[in-house]
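In what follows, a structure is listed as structure tokens, so that the remarks can point back to it.
The values are calculated or read from the model by the stated rules, or taken from the named source; none is laboratory data. Bear in mind that the values here come from a model prediction, so they are computed numbers and not experimental data. Every residue, glycine as well, gets a Cβ built from its backbone with ideal geometry; the counts of neighbours run over all protein chains shown.
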Amino acid sequence: MKIARISLDQGPRYAILDEDTHQYLVLTDDPMFGKVEVSGQRIAQDEAQLLSPMIPRSKVVGYIGSYGSAGTIEDLDMFLKPNTAVIGPDDPVILPSWAQTVRHEPELAVVISRACKDIPASRASGVIFGYTVANDVTAVAGDKARAKAFDTALPTGPVIETDLDVADLHVVSRVNGEVRREGRTSELAFSVDELVAYASTIFTLLPGDIILTGAPAGVGEIEAGDSVEVEVEGIGVVANPVMRRG
């Protein structure tokens, strides 16, 4: 099931994508906390204004070095992003005025369904609501807070896919149509369930939290005027223009 968050006159609403009719079926409630029940309202897929499918209630947890790591999971660097960094499809990534170099990082992102702490990897699937596409935009800075946490530093979308085997998905990014970074989730040194489980040993994970699983290798610099796309097989593409704050 592909769940989107769309902008309507009455405000943001969740909707399910009907891939047969290419329509979004608007839901009556937030599917994470209420019933998945359609309201009867339908929006054509090519007319829907998509928002980020999830604004984290609490936090975004990220991993660095998870592709091709030769160490233990405890050796991976971790970081946090605030929910103010999250934007949706077609929203501009605004480069900070103080950053000379900014990079994009294509990633599979995990959306957490319920509160959990110290959950074993064998039970991690039970706390996963679904998966989405993320672009972990990162500035070169002296500390991770400035590098990772500035406004617009996390495009996500276009949907949350709730039924997906993530063991071997193609992850790719393009800048101005040119492939820049590419890999497969099978190249992760640790499974998605292991990454979720380990994050829960550090933080209490809450409903709506997002876990970034890491980015494959490649050239990632972006500049004002660029268009950057991130695609994860089975979920879709999130595309954003790049601008610079004056």
| Residue ranges of strands (runs of 3 or more DSSP E) in region 163-246 with at least 3 members in contact with a helix residue (DSSP H, G or I) (Cβ under 6 Å, 6 or more places away or on another chain) | none
| message | Looking only at residues that are among the aromatic types (Phe, Trp, Tyr) and modelled with pLDDT of 95 or more in region 60-81, which one is farthest from THR204 (Cα to Cα)? | response | TYR63
| note | Scanning region 116-136 for residues that are more than 17 Å from ILE55 (Cβ to Cβ) and within 21 Å of the chain's Cα centre (by Cα) gives CYS116, ALA121, ALA124, SER125, GLY126, VAL127, ILE128
| query | Residue check, PRO106 against (1) under 11 Å from the mean Cα position of the chain (by Cα); (2) under 23 Å from ILE16 (Cα atoms), all met but one. Which one? | reply | (2)
| field | Residues of region 200-233 classified as surrounded by fewer than 16 Cβ atoms within 10 Å (Cβ to Cβ) and on the phi > 0 side of the Ramachandran plot, total | value | 1
| task | Filter region 1-14 down to residues that are surrounded by 15 or more Cβ atoms within 10 Å (Cβ to Cβ), under 18 Å from the mean Cα position of the chain (by Cα) and not β-branched (Val, Ile, Thr), then give me how many there are. | result | 4
| (1) outside any strand (DSSP E or B); (2) on the phi > 0 side of the Ramachandran plot: which one isn't true of PRO56, the others all being true? | (2)
| query | Out of the residues in region 111-158 that are of a type in the set (S, T, N, Q) and out of contact with any strand residue (DSSP E or B) (no Cβ under 6 Å at 6 or more places or on another chain), which is farthest from ALA215 (Cα to Cα)? | reply | SER122
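Conditions tested, residue by residue: (1) in contact (Cβ under 8 Å) with a residue 12 or more places away in the chain; (2) among the hydroxyl-bearing types (Ser, Thr, Tyr); (3) outside the structural domain of ALA153 (by TED's automatic domain parsing).
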| site | (1), (2), (3) |
| --- | --- |
| LEU8 | yes, no, yes |
| MET32 | yes, no, yes |
| ILE43 | yes, no, yes |
| GLU47 | no, no, yes |
| GLY68 | yes, no, no |
| ALA85 | yes, no, no |
| message | Go through region 103-121 and report how many residues are in contact with a helix residue (DSSP H, G or I) (Cβ under 9 Å, 6 or more places away or on another chain) and either crowded, with 23+ Cβ neighbours inside 10 Å or more than 18 Å from PHE203 (Cα to Cα) (or both). | response | 3
| request: Could you tell me which numbered condition ALA139 fails, if it satisfies all but one of (1) more than 21 Å from GLU187 (Cα to Cα); (2) in contact with a Leu (Cβ under 9 Å, 6 or more places away or on another chain); (3) touching a residue at least 60 places away in the same chain (Cβ under 8 Å)? | output: (3)
| task | Please find, within region 64-86, the residue that is surrounded by the fewest Cβ atoms within 10 Å (Cβ to Cβ) out of those that are part of a strand (DSSP E or B) and in contact with a helix residue (DSSP H, G or I) (Cβ under 6 Å, 6 or more places away or on another chain). | result | PHE79
